[in-house]
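The values are calculated or read from the model by the stated rules, or taken from the named source; none is laboratory data. If you're wondering where the values come from, they're calculated on a predicted model, not measured in any experiment. Here the Cβ positions follow ideal geometry from the backbone for every residue, glycine too, while neighbour counts run over all protein chains shown.
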Amino acid sequence: MLRKMFIAIATVASLLSFTATAEAQYYEDKQITILVNYGAGGTTDILARMIAKHMGKHIAGSPNLIVKNMPGAGGITATNHMGSVVDADGLTVAIFAIPVMQQVLSDPALSFELSDFVWLGGTGFPTTCVIRKDAGAGISKVDDLQTVGAFNLAGYRNTSSTDVRMRLALDILGVEYNYVPGYVSASKVNAAILQDEAQFSCASILGLRNLFGPNLIEPGLAIPLWYFAVVDSDGNDVNDGRLAGIPTFNEVFEKFNGEPPSGIQYDALTLINNAMVSMLWGSFVPKGTPDEAVASLRMAWDSLSSDPEFIAEYEAMTSGPPMLTNASKVQDNIQKLVDLNPELVTVVSDLIGAE
């Protein structure tokens, strides 16, 4: 009996050793191109370069990593490139701002479904919404939102996941607003609110920390209203310690209505938000990439969560630890976006068409 057990243990150890050796040999003396689907200098590019810098340390075989930008069509150009041009050899790895809304809406410009790729992992941030205190009839606390009257919402574009989420939230609350899209970055949104062109918008933790916080909230011009937390399978918010003191959207709704939110609009909001918070950015390779390459890249992605140098650099940028999602969870979220309830698609399509 003991002899059989020792043989089994030795066999497993041998297989693990063989796998590790195969992974190391696969990338030894090779170069990996990290493809980014937005231009240099933006949030996606900064984050992708930081991930690439540290992820490279954990890839067996110590390959050289270089970063290449391919902006265009809201991230679709590079996504299509990964599906139709890039060889499935593990030598080109996408770290993208994922075109979630294009998948939800079955945008014909997106030539591939997101489930057509092999996913390595994801990361994201909660989104926080702020409003000028002098918006409408005036607002000094979130309760005043019920009587503030109409205000201008500064949006990015009608198919932006941020725009869809904040419009759905205001519609669910029954708040009157004017949707003003066309602001191409968080810095442009910040400027619009500063100049009182618009009074309300939302941004990631990066936007809150670097723009909305120092320019709008700290000087007393605006207040934070809520943030969109991940909602777990039991319908509970997964609170973010970096946003302590700011209520979640669900908490605001329940405060106003005496019960948790529900309904098809809320289901659409939750689905899109959960996907964006856990994988606003994601990493993948083409389908058909060799197993040893995928295993090595996934292990490297997962290793970031315990890499003290990566964590320190990430915390310096975001004031909190990284929210890293493993490959299995990302692929599960991607599949949910592909297998959508048609009613949810209709809700989002009608919202976008109502611009």
Selection from segment 78-120 of residues β-branched (V, I, T) and modelled with pLDDT of 95 or more yields T79, V85, V86, T92, V93, I95, V118
Condition set at pLDDT below 95 and part of a strand (DSSP E or B), scope segment 123-155, selection nearest to the chain's Cα centre (by Cα): answer is T123
Filtering segment 301-326 down to residues that are at pLDDT 90 or above, surrounded by 15 or more Cβ atoms within 10 Å (Cβ to Cβ) and either out of contact with any strand residue (DSSP E or B) (no Cβ under 8 Å at 6 or more places or on another chain) or of a type in the set (S, T, N, Q) (or both) yields S303, S305, D307, F310, I311, E313, Y314, T325, N326
Given the conditions (1) in a helix (DSSP H, G or I); (2) within 17 Å of the chain's Cα centre (by Cα); (3) outside the structural domain of L145 (by TED's automatic domain parsing), every one holds for P322 apart from (1)
Among the residues of segment 195-235, the number that are part of a loop (DSSP other than H, G, I, E, B), among the hydrophobic types (A, V, I, L, M, F, W, C), buried (at least 22 other Cβ atoms within 10 Å of the Cβ) and over 24 Å from the mean Cα position of the chain (by Cα) is 1
G245 meets each of (1) surrounded by 14 or more Cβ atoms within 10 Å (Cβ to Cβ); (2) more than 22 Å from the chain's Cα centre (by Cα); (3) not polar (S, T, N, Q) with one exception, condition (1)
*Looking at N158, is it surrounded by fewer than 22 Cβ atoms within 10 Å (Cβ to Cβ) and assigned to a helix (DSSP H, G or I)?*
no
Just wondering, is there one or more residues in segment 51-58 that are of a type in the set (V, I, T) and modelled with pLDDT of 90 or more?
-> yes
Within segment 325-354, the residues that are in a loop (DSSP other than H, G, I, E, B) and under 20 Å from L110 (Cβ atoms) are D339, L340, N341
